[in-house]
Structure formats: structure tokens, C-alpha cells
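Sharing a structure, written as C-alpha cells. Questions coming.
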Amino acid sequence: MADRKLFTLVAILIAISIVVSYSLTEYTVLLFDTGEFHFAIRQTFFGIVGITLIYILSLGDPDKHLKPLGFTLFFGSLILMIAMPFLPESIVSEVGGAKRWMKIAGFSLAPVEFFKVGFVYFLAWSFSRKLGHHNGMGIRSEFRRFLPYAVVFVAAMFIIAFLQKDLGQVVVLGGTLLFMLIFAGSSFRFFLTILGGIFLAVVLFILTAEHRIARIKSWWALAQNSVLELMPDFVADKLRVPVEVEPYQIGHSLNAIHNGGLFGVGLGNGTFKLGFLSEVHTDFVLAGIAEEFGFIGILFVVFIFMWMLQRIFKVANRTKDGSVYLFSIGIGLVLSFEFLVNAYGISGITPIKGISVPFLSYGGSAMLGACLAIGMVLMGSKKADMS
């Protein structure tokens, strides 16, 4: 095993996800009229497959297998995402007007979860060959150097944001691209310029979709009181939105977190999972954990997650291979952004983006995609001194 600590930490997170997939679905199994262990069994299956996948990949030769796997994930999932809007409903599931999931052998898989891993590898491989230090380069030269990647990114984000209506993934991948540029040798001035461009693009995506505008208003309805009290009345009155659009999901999420207190109400004893907080085992899994295991439980999860990130970034720090260095950083960034976007969303700090928590939220695609990423990092860690 390339890095046993990283493997063990991921296995612990997966084990936690299996437990909460049973505990938090008490109402969901009744709603969908399934067996008591339906979600737990499926999550266990994906967890075992994921852990096995990590182990098998960790045995691979990074010089032979890393590049073919990364490019297969990138181009394969990209082709699938382009084709999905044109495929029949017998193959592609449509939810809320978006075709994000493909039906395969009784399971629904989301190609975007695998695209993220391939996209990070593509950037890492390409940046390690084409980019370098910015000394002596003007901002225009850096833009010319970055232009091919910008075209690829914009094309991919158009598919994800408009065809699949998944702005949350755009935010995660945009942030990852931005910080990978810094580690690849771009200047801070260029970083700020691209940051401004990505911010304007996100605003454009929001303004071109009514459901995203409604989601922003819904979030603002909850956050406005603490912000507007700092402003003059004539400004606050202009920015205030009606309270009837207050997001009940965030309200129940905050109540669940509050109800958990320091030590939680105990495994299986949560009440907000009983129809009050929908999808608590997926997007709101952290709120469910907070209610049943309390602040101590969340603190433990955060500790394990941050330790896992530390091992990933250690691979980057200890290798002299440029592509492994950037790929490990990129995967660490993706996992970090996904955790933060979800945590901030369920606590009302930012609007909810529909991003799952890596290794913890119920779902096979996210689990397998994250396990692929960890397996590839472990494969690459063979080119690092982890002693």
C-alpha cells in the first residue's frame, strides 16, 4: 500500500457514511416504501467497491497507468455529458429539467463526478508541461499561455451549468482551476484577474436562470437580518426581501444542528430526519450527523477529513513529479471545496449548491468518483517520499 494512513482515513469516512445511511433514512424508507436497510445496503455496496478500487489503483504503476486512466476519465465522461441531453429517458434520468444521471444495471451514475477527477488530471498533466514560473512575463503573455485551458474550461462549464443545470460543480471546478494556476507558477495578479472573470461568469449563470435567482433570494431571506442591521434604514429597506420566501430547508438544518448540542441526541434518535429535513442522508448529511452526534461528532468528522487532506497534500509536497504534484493538490482542493460549499450551505452562510459531502453523503457516483481520485493519488504517491 502506497500510503496506509490515507487509505485508512478514507475507509473510516466511508464506514461513517454507511452507518448514517441507515440511521438518517428512517423516514425516507417509509416514503419510498423500501426495506429498512435499503439505503445502507446500497451504500455498503458502493463503499466496498470504492475501497477495493482504491486498493487496486494504489498497486498500479504511475508511469504506466496514471495518464491513460486520467485521460479516459476526462474524455470519456465529457463525451457522456455532451450526449446525455440527446439520449432517451430509458437511459438518462431527468430530474428538475436536468439530465445528470445515467441508468446502468439498476443504478444511477452521474458522469460529472468522474469528469471532475479527469479534469483535474488533465490540468495537472498539461500545466506541468506548459506552465512554469511567471518571472519576466507580462499579464498578456500569461493570458496567451492560459487561453487554451480557458477554452476547455468554458466549454466544460457550459455543459455542466446550462445542459445539466449544476452550478455548484462549476463553483468547485472553477475554484480548483484558479488555485492550481497559482501552484503551477502563475502570478498573483493573474490569479486576481481570473478570479474576477470567474466571479462575473458565476453571476451571469445565476442571472440567466430563474431557479438560481429564487435560490439566492431564499438564502438572502435567512441571512438578511444579521447583515442589514449594520446598514442605514434606507439601504436596508431596498435590499430586504419578503420573509415568506425564507428557506425552510436551511431553517430545519440549523434547528437540527442546534438540537444536537455538544454530544448529540444519540444514534437513531434524531427528529429532523422524520420528514422535516428532506435529503438529510445526501446534501444535509452534516446536519444529520450534528443532531445525532453533536458538536463532538462533527469535530471528529472534520478532524478525520482534515487529516486525510493533510496526507493528500503531503504527497504533493514530497514528490518531484510535476503532474503528480499538481494532481494531488487539485484533488485536495476539490475535496476541500466540496466540503466547505456543503458545510457553508447547510449553515446558511452561503446559498445551497446541491454539492454532496465527499465520502459521507449517500450516493454511488460521488463515492466512486472520490475513491477513484484517492486511488490515483495513492498510485502517484509511489513517486513521493512518504517516510
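The values are calculated or read from the model by the stated rules, or taken from the named source; none is laboratory data. This is a predicted model, so every value here is computed, not measured. All Cβ positions, even for glycine, are placed from backbone atoms using ideal geometry, and neighbour counts span all protein chains on display. Side chains included, ligands, DNA and RNA excluded: accessible areas come from the protein's heavy atoms. Shrake-Rupley method; radii C 1.70, N 1.55, O 1.52, S 1.80 Å.
Could you calculate the contour length gain from residue 193 to residue 347, that is, 0.36 nm times the residue separation minus the distance between their Cα atoms, to one decimal place in nm?
Result: 52.4 nm gained on full extension.
If a/c stays under 1.5 just call it rounded; otherwise compare a/b with b/c (prolate if a/b is bigger, oblate if not). Do that for segment 292-360, with a ≥ b ≥ c from the square roots of the Cα gyration tensor eigenvalues.
oblate
Please compute the modelled spin-label separation between residue 37 and residue 49, points set 7 Å along Cα→Cβ, answer in nm with one decimal.
Label at residue 49, label at residue 37, 1.9 nm between them.
Right, next: Where in the chain are the DSSP H helices whose C-alpha atoms run 20 Å or more along the long axis and whose mean Kyte hydropathy is at least 0.0?
Counting only whole DSSP H runs, the qualifying helices are 4-23, 38-58, 67-83, 111-130, 139-158, 167-183, 188-207, 285-318, 322-346, 364-380.
Given the C-alpha centroids of segment 319-357 and segment 141-184, what is the distance between them in whole angstrom?
Segment 319-357 and segment 141-184 have Cα centres spaced 14 Å from each other.
State in Å² the accessible area per residue of segment 327-376; use a 1.4 Å probe, count heavy atoms of protein chains only, and round to the nearest integer.
20 Å²
Separate question: Could you work out the mean projected area of the convex hull around the alpha carbons of the chain, in square nanometres to one decimal?
20.8 nm²
Of the options 376, 323, 12, report the single residue whose Cα projects farthest towards the positive end of the charge dipole of the chain (beta-carbon charges: Lys, Arg +1; Asp, Glu -1).
323
Ok, one more. Which semi-axes, in whole Å and largest first, does the equivalent ellipsoid of segment 1-159 have when worked out from the alpha carbon gyration tensor as the square roots of 5 times its eigenvalues?
Computed over segment 1-159, the values are 36, 24, 15 Å.
Where only protein heavy atoms count, and the probe is 1.4 Å, what is the accessible area per residue for segment 99-196 in Å²?
Per-residue accessible area for segment 99-196 comes out at 43 Å².
What's the extension gain from residue 105 to residue 93 if we count 0.36 nm per residue and subtract their Cα-Cα distance?
That pair, residue 105 and residue 93, stretches by 3.0 nm at full extension.
Right, another one. About the Cα centre of the chain, what is the dipole size in debye to 20, counting +1 per Lys and Arg Cβ and -1 per Asp and Glu Cβ, all else neutral?
In debye, rounded to 20, the chain gives about 1640.
Can you compute the modelled spin-label distance between residue 82 and residue 162, with each label point 7 Å from Cα toward Cβ, in nm?
Those two pseudo-labels are separated by 1.5 nm.
Okay, moving on. Determine the share of segment 6-103's accessible area contributed by carbon and sulfur atoms, expressed in whole percent, with a 1.4 angstrom probe.
Its accessible area is 71 percent carbon and sulfur atoms.
Ok, one more. Could you tell me which of the pairs 116/320; 64/165; 103/314 are separated by over 30 angstrom between their Cα atoms in the structure shown?
Long pairs (Cα-Cα over 30 Å): 64/165; 103/314.
What is the set of long-range amide H partners of residue 264 at a cut-off below 5 Å, with H atoms built 1.01 Å from backbone N?
It is 294, 295, by chain and number.
What full-extension length gain, to one decimal in nm, is calculated for residue 15 and residue 72 as 0.36 nm per residue of separation minus the Cα-Cα distance?
17.6 nm
Taking the Cα centre of segment 272-387 as origin, sum charge times position over the Cβ atoms of Lys and Arg (+1) and Asp and Glu (-1), and report the length of that vector in debye to the nearest 20.
Once rounded to the nearest 20, the dipole reads 500 debye.
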